[in-house]
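Below: one structure in structure tokens.
The values are calculated or read from the model by the stated rules, or taken from the named source; none is laboratory data. Since the structure is predicted, the reported quantities are computational estimates derived from the model, not experimental observations. A quick note on method: Cβ atoms are made from the backbone with ideal geometry, for glycine too, and the neighbour counts reach across all protein chains shown.
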Amino acid sequence: MMQQVKKFNVYERERDRRLLFTKNLTPGKSFFAEMLLKDRGAEYRAWDVSRSKLGAGIKKGASQIGIKEGDAVLYLGASHGFTPSYVSDMVGRDGFVFCLDFAPRVVRDLVFVCEERENMAPILADANQPESYKELVPAEVDVVFQDVAQKNQLGIFLKNCDSYLKTGGFGLLALKARSVDVTKKPREIFERVRKELEKHPGMTVVDYRDLYPFEKDHALFICKKK
């Protein structure tokens with residue numbers, strides 16, 4: 001039997017340690033060979049959290065993620081669309097996920113997922129240049145989620161939050177420590193990034209999760225814009 005996780009529009013079963021579930025917005029369709037199952041008349045998609053920083057953060061006990069039904073989400077680093085498709089389930093038909101990536105090869109795959117989901121749109125653009133897609137994204141979104149493995153990933157995240165995140169909205173940064181500095185221990189990087197986030201005007205860190213063992217040398221920072 002499915003149990004909802006902290007009203008996140010995400011579900012789990014006690015025996016599935018590496019899986020979460022979302023109600024499938026496109027019943028009968030599986031995009032990444034994920035398992036589909038039915039429970040009490042609803043269809044759910046299995047979500048392998050070892051493939052998703054957001055899923056790993058929820059499994060590691062994130063107290064709040066800010067993503068709710070009806071939200072507009074700017075997803076930076078959407079890749080082939082794996083995690084964005086679950087965010088699509090979470091925000092539902094009244095929400096929308098703007099899925100951005102700079103790699104043409106993965107965006108081609110992303111397009112196929114978006115064609116099957118009316119609340120997702122692909123954007124081929126560089127997240128380091130938020131002004132370049134201002135005509136494609138609302139002036140304000142409820143959530144900015146970033147999974148971009150670049151050295152300046154913190155700077156990219158803050159620029160997009162400053163540009164698009166509404167007051168009271170949530171910014172989620174999936175940080176890869178080894179992309180920032182391979183000479184430093186991940187915990188040193190995480191602590192430094194947390195301090196820089198706290199110093200940024202208008203941003204407050206409301207939660208932080210080291211994603212081990214699901215993701216090595218990764219952490220999820222959850223911020224709120226004041």
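What strands (runs of 3 or more DSSP E) lie completely within the range 1-70 and have 3 or more residues being charged (D, E, K, R)? I'd like the intermediate steps shown before the answer.
Numbers: elements: 19-23, 36-39, 42-48.
Those strands (runs of 3 or more DSSP E) span 42-48.
For the range 205-226: of the residues being free of Cβ contacts under 8 Å to residues at least 40 places away in the same chain and loosely packed, with under 13 Cβ neighbours inside 10 Å, which is farthest from Ala56 (Cα to Cα)? Walk me through it before giving the result.
Within the range 205-226, the first condition is being free of Cβ contacts under 8 Å to residues at least 40 places away in the same chain, and the residues that meet it are 205, 208, 212-213, 216.
Of the ones still in play, those that are also loosely packed, with under 13 Cβ neighbours inside 10 Å are 213, 216.
Values: Pro213: 9, Lys216: 11 Å.
Out of the qualifying residues, it is Lys216.
Checking Phe31 against (1) in contact with a helix residue (DSSP H, G or I) (Cβ under 8 Å, 6 or more places away or on another chain); (2) at pLDDT 95 or above; (3) surrounded by fewer than 22 Cβ atoms within 10 Å (Cβ to Cβ): exactly one of these is not met. Which one?
(2)
Then there's this: Does Tyr75 qualify as being of a type outside the set (D, E, K, R), closer than 18 Å to Val113 by Cα and either out of contact with any Asp or Glu (no Cβ under 7 Å at 6 or more places or on another chain) or surrounded by fewer than 17 Cβ atoms within 10 Å (Cβ to Cβ) (or both)? Please lay out each step first, then the result.
Values: of a type outside the set (D, E, K, R): yes; closer than 18 Å to Val113 by Cα: yes; either out of contact with any Asp or Glu (no Cβ under 7 Å at 6 or more places or on another chain) or surrounded by fewer than 17 Cβ atoms within 10 Å (Cβ to Cβ) (or both): yes.
So Tyr75 passes the test.
Collect the residues in the range 170-202 that are farther than 22 Å from Ala56 by Cβ and surrounded by 16 or more Cβ atoms within 10 Å (Cβ to Cβ), keeping them in residue-number order.
Answer for the range 170-202, where residues must be farther than 22 Å from Ala56 by Cβ and surrounded by 16 or more Cβ atoms within 10 Å (Cβ to Cβ): just His200.
Is it true that Lys184 is modelled with pLDDT of 95 or more and either within 20 Å of Gly66 (Cβ to Cβ) or out of contact with any helix residue (DSSP H, G or I) (no Cβ under 7 Å at 6 or more places or on another chain) (or both)? Spell out the reasoning first.
Details: modelled with pLDDT of 95 or more: no; either within 20 Å of Gly66 (Cβ to Cβ) or out of contact with any helix residue (DSSP H, G or I) (no Cβ under 7 Å at 6 or more places or on another chain) (or both): yes.
It is false that Lys184 is modelled with pLDDT of 95 or more and either within 20 Å of Gly66 (Cβ to Cβ) or out of contact with any helix residue (DSSP H, G or I) (no Cβ under 7 Å at 6 or more places or on another chain) (or both).
Which of the residues spanning the range 211-224 are in contact with a Lys or Arg (Cβ under 7 Å, 6 or more places away or on another chain), outside any strand (DSSP E or B) and on the phi < 0 side of the Ramachandran plot?
Correct list: Leu211, Phe214, Glu215.
Which one of the conditions (1) in contact with a helix residue (DSSP H, G or I) (Cβ under 9 Å, 6 or more places away or on another chain); (2) crowded, with 17+ Cβ neighbours inside 10 Å does Ser50 fail to meet, given that it meets all the rest?
Answer for Ser50: the failing condition is (2).
So the check is Cβ under 6 Å with 6+ separation or different chains; which pairs have a first residue in the range 82-106 that's closer than 17 Å to Leu165 by Cβ and a second one that's polar (S, T, N, Q)?
As it stands, the answer is Gly95/Asn119; Phe96/Asn119; Val97/Ser88, since those pairs meet every condition given.
Give the range 202-220 a look and list any residue that's more than 24 Å from Arg17 (Cβ to Cβ) and either in contact with a helix residue (DSSP H, G or I) (Cβ under 7 Å, 6 or more places away or on another chain) or at pLDDT 95 or above (or both), or say none. I'd like the intermediate steps shown before the answer.
Taking the range 202-220 and keeping what is more than 24 Å from Arg17 (Cβ to Cβ), we get 202-206.
Residues satisfying the conditions are Met203, Thr204, Val205, Val206.
Mind checking which residues of the range 210-226 are more than 14 Å from Lys176 (Cβ to Cβ) and touching a strand residue (DSSP E or B) at 6+ places or on another chain (Cβ under 8 Å)? Even if it seems obvious, please write down each step before you answer.
Going residue by residue through the range 210-226, those that are more than 14 Å from Lys176 (Cβ to Cβ) are 213, 222-226.
Matches in the range 210-226: Ile222, Cys223, Lys224, Lys225, Lys226.
Given the conditions (1) touching a Phe, Trp or Tyr at 6+ places or on another chain (Cβ under 8 Å); (2) within 25 Å of Lys226 (Cβ to Cβ); (3) buried (at least 16 other Cβ atoms within 10 Å of the Cβ), report the number of the one that Ala121 does not fulfil.
Just one mismatch for Ala121, condition (2).
Before we move on, is Lys60 crowded, with 16+ Cβ neighbours inside 10 Å and in contact with a Lys or Arg (Cβ under 9 Å, 6 or more places away or on another chain)?
yes
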